[in-house]
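Below you'll find the structure, written out as structure tokens, and then a few comments.
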Amino acid sequence: MEQFSQLLVSGIANGCIYAIVAIGFSIIYAGTQVINFAQGEFVMVGAMVAAVLLAKVSLLIAFPVAILAGCLVGAVVGLCVLIPLKRASVVSLVILTVGASLLIRGLAQLFWGEEGRMVPYFTGVTANEDNIFHFAGAVIGVQQIWVVAITIALVIATHCFFKYTLTGRAMRACALNPTGARLVGINVHRMIILSFIMAAGLGAVAGVTVSAGLYARCTMGAALGLKGFCAAVLGGLGNYSGGIAAGVLLGVVESLIVLIIPSMSDYSDAAAFVILLVVLLLKPDGILARKKAVA
Amino acid sequence: MLKLQSVITYYGRIMALRGISLHVDPGEIVAVVGPNGAGKTTALNTISGVLAPKSGRIVFDGSEVAGKSTDNLVDMGLVQVTEGRQLSADMSVYGNLMLGAYRRSAADKKSIVRSDLQRVFAMFPILEDRRTQSAGTLSGGEQQMLALGRAPMARPKMLLLDEPSMGLAPLVVKEMFKIIAGLCKQEGTTVLVVEQNVKAALAVAKRAYVLETGRVVMEGTASELSKNPEIQRAYLGKGYKQMVE
């Protein structure tokens with residue numbers, strides 16, 4: 001029981017990170033139909049910039065700067081996708097994002113080296129008794145509470161942005177019907193860049209949050225990006241709530257799989273992809289897909 | 001208000017407009033009629049900046065606008081009314097209407113935009129009843145009304161209307177054109193309307209152009225054109241009986 005609740009807690013925390021990354025995938029997919037494989041690198045850039053800065057300044061400065069850095073990288077990738085957007089097929093644009101991700105990772109390795117950089121916990125020092133809560137037999141670290149709180153805040157903020165602000169509505173309009181959006185005077189290209197900036201900003205937040213208490217590495221983006229991608233596809237690409245649910249679920253399953261198959265502990269990463277395969281076979285539109293009306 | 005001079009537009013590799021010239025004076029309703037594939041919608045899309053013309057001049061409100069982007073043109077007061085199916089279907093009626101005011105929301109105060117919304121609701125009471133409903137769940141006629149109702153939100157000087165009667169029941173068509181005429185009269189909006197329903201268009205327009213295979217083949221006042229035997233035969237279904245006999 002204790003082990004179960006412990007695994008559940010760490011699963012939820014991991015899943016939250018996948019959920020944030022998944023939102024990033026969905027935002028860009030909704031606007032461009034492009035699956036942005038550089039999403040994981042946005043996460044890495046956020047984590048690395050924060051890690052480098054945290055050696056000198058406090059988190060209050062390092063965190064926002066890391067998000068800004070992520071947004072900047074996102075804007076550049078967005079421009080790279082936007083320029084050939086009209087002439088190129090979606091497949092070539094997706095490959096372009098794969099290229100961009102390799103480039104970003106390569107540059108990061110060039111500048112920051114291979115070794116991991118320590119990122120301290122957001123609050124409190126180490127595994128101090130003050131920073132730990134006990135709940136249903138599980139030990140919950142303050143950082144895990146941070147992860148969940150930040151995720152909830154981001155989800156609410158994203159939801160409100162898309163639902164209640166004019167810019168959010170304009171972005172949705174572009175995703176639903178680009179021509180119609182153009183006719184009311186929305187600059188569709190600007191909205192696409194904005195979607196990349198938002199996705200990258202979210203990715204950077206995830207990056208800083210996930211690496212606190214651990215090490216940030218230049219190679220961390222690929223795995224997180226793929227997990228986020230799994231979550232986004234599981235939830236139905238472009239479906240935000242689906243992606244969030246699938247992200248958390250993925251984290252939990254990945255964590256609990258050890259209880260059922262103890263030998264899986266080294267291969268828990270594979271669990272995500274097995275789930276992805278099974279779900280795609282049964283419900284290709286994602287777990288939360290609504291039934292489409294048959295015309 | 002608007003002047004086109006030998007405008008040529010390609011749609012892919014097809015020359016869809018083969019040099020058309022037309023003009024619309026301030027406060028006028030002008031119709032562009034013609035059969036399917038004549039280039040009517042291409043003409044509108046070229047004016048509104050969705051398509052870029054290959055050559056020719058387009059002058060709106062005294063300045064050259066050929067090749068300008070749609071958002072710039074909306075800022076200048078030239079607004080193309082979206083077809084009903086180009087609304088954001090998942091978004092509420094209210095959300096769609098507010099998008100109409102997208103370009104001016106930065107400059108204008110919320111209270112002004114809100115009072116415009118009230119004016120639109122006064123013109124289209126049905127939209128107020130449906131304000132929280134998503135646009136995709138409206139009937140075809142209601143969607144067209146929403147598309148038309150969204151246009152005044154931008155405070156346009158001139159409206160471009162793309163087949164407002166498409167897919168609508170005859171009674172609704174009549175109502176649509178009544179509202180369009182009202183918009184022109186009350187708000188002083190200049191209107192260029194592209195229409196396959198020649199009868200309905202000529203009933204409300206002051207002048208009209210007949211477009212066939214990318215060229216203007218006939219022009220004149222609406223009353224002239226509706227008396228023209230060629231038009232009557234081809235578009236209004238008059239004299240059809242004699243011909244068959």
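Remarks
- Shielding of B:60-72 by partner chains, average beta-carbon count, 10 Å: 2
- FRET efficiency for A:Ala270 and A:Tyr164, using Cβ-Cβ distance with R0 set to 35 Å, rounded to 0.05: 0.30
- Potential lengthening between B:Glu212 and B:Asp108 on full extension [0.36 nm per residue; Cα-Cα distance subtracted]: 33.2 nm
- Highest-first packing order for the peptide set B:110-122, B:50-62 is B:50-62, B:110-122, based on the mean count of other beta carbon atoms within 10 Å.
- Rounded to the nearest 5, the antiparallel percentage of DSSP beta bridges internal to chain B is 55%.
- Relative to the dominant Cα principal axis of chain A, helix A:188-211 is inclined by about 10°.
- Pairwise FRET efficiency - A:Ser263 versus B:Asp129, Cβ, R0 = 45 Å, nearest 0.05: 0.10
- Mean per-residue shielding of peptide A:172-181 is 6, counting Cβ atoms of other chains within 10 Å of each Cβ.
- Crossing angle, helix A:268-282 versus chain A [Cα axis fit, 0-90 degrees, rounded to tens]: 40
- Packing, taken as the mean count of other beta carbons within 10 Å per residue, orders the peptides A:111-117, A:224-230 from highest to lowest as A:224-230, A:111-117.
- Inter-part distance where region B:1-41 and region A:200-223 are each reduced to a Cα centre, Å: 54
- Percent of Cα-Cα distances greater than 21 Å, calculated over region B:86-155: 16
- Percent of beta bridges antiparallel (DSSP, the protein assembly as shown, rounded to nearest 5): 60
- Distance between the 7 Å Cα→Cβ label points at B:Ala181 and A:Met118: 8.2 nm.
- At least 18 Å along the helix axis (C-alpha) and Kyte average at least 0.0, DSSP helices within chain B: B:110-123, B:170-187
- Using 0.36 nm per residue and subtracting the Cα-Cα separation, the extra length available between B:Lys174 and B:Asp90 on full extension is 27.4 nm.
- With semi-axes defined as the square roots of five times the eigenvalues of the C-alpha gyration tensor, the equivalent ellipsoid of the protein assembly as shown measures 55, 23, 21 Å, largest first.
- For region A:69-111 versus region B:134-209, the gap between their alpha-carbon centres in whole angstrom: 43
- At 0.692 mPa s and 37 °C, Stokes D of region B:1-94 from Kirkwood alpha-carbon radius, µm² per second: 231
- Sites B:Val59 and A:Gln109 - FRET efficiency at Förster radius 41 Å, r taken between beta-carbons, to 0.05: 0.15
- Measuring how big region A:139-266 is from its alpha-carbon positions, Rg and Dmax come out at 17.5, 58 Å.
- Angle in degrees between helix A:166-176 and the longest Cα principal axis of chain A, rounded to the nearest 10: 70
- A straight Cα-to-Cα reach below 27 Å connects B:Lys40 with the lysines A:Lys86, B:Lys3, B:Lys54, B:Lys68, B:Lys157, B:Lys174, B:Lys178, B:Lys185, B:Lys199, B:Lys206, B:Lys227, B:Lys238, residues fewer than 8 places away in its own chain not being considered.
- Contour minus Cα-Cα distance for B:Lys199 and B:Asn36 (0.36 nm per residue): 57.1 nm
- Relative contact order of region A:1-107, pairs being alpha-carbon contacts under 8 Å that are 6 or more residues apart, as %: 30
- Kirkwood-type hydrodynamic radius, region A:2-282: 19.1 Å, calculated from all non-identical alpha-carbon pairs.
Quick note: the coordinates plus some simple rules give every number you see, no bench work behind them. The structure displayed is predicted, hence computed values, not measured ones. Cβ: placed from backbone, ideal geometry, glycine included. Neighbour counts: every protein chain shown.
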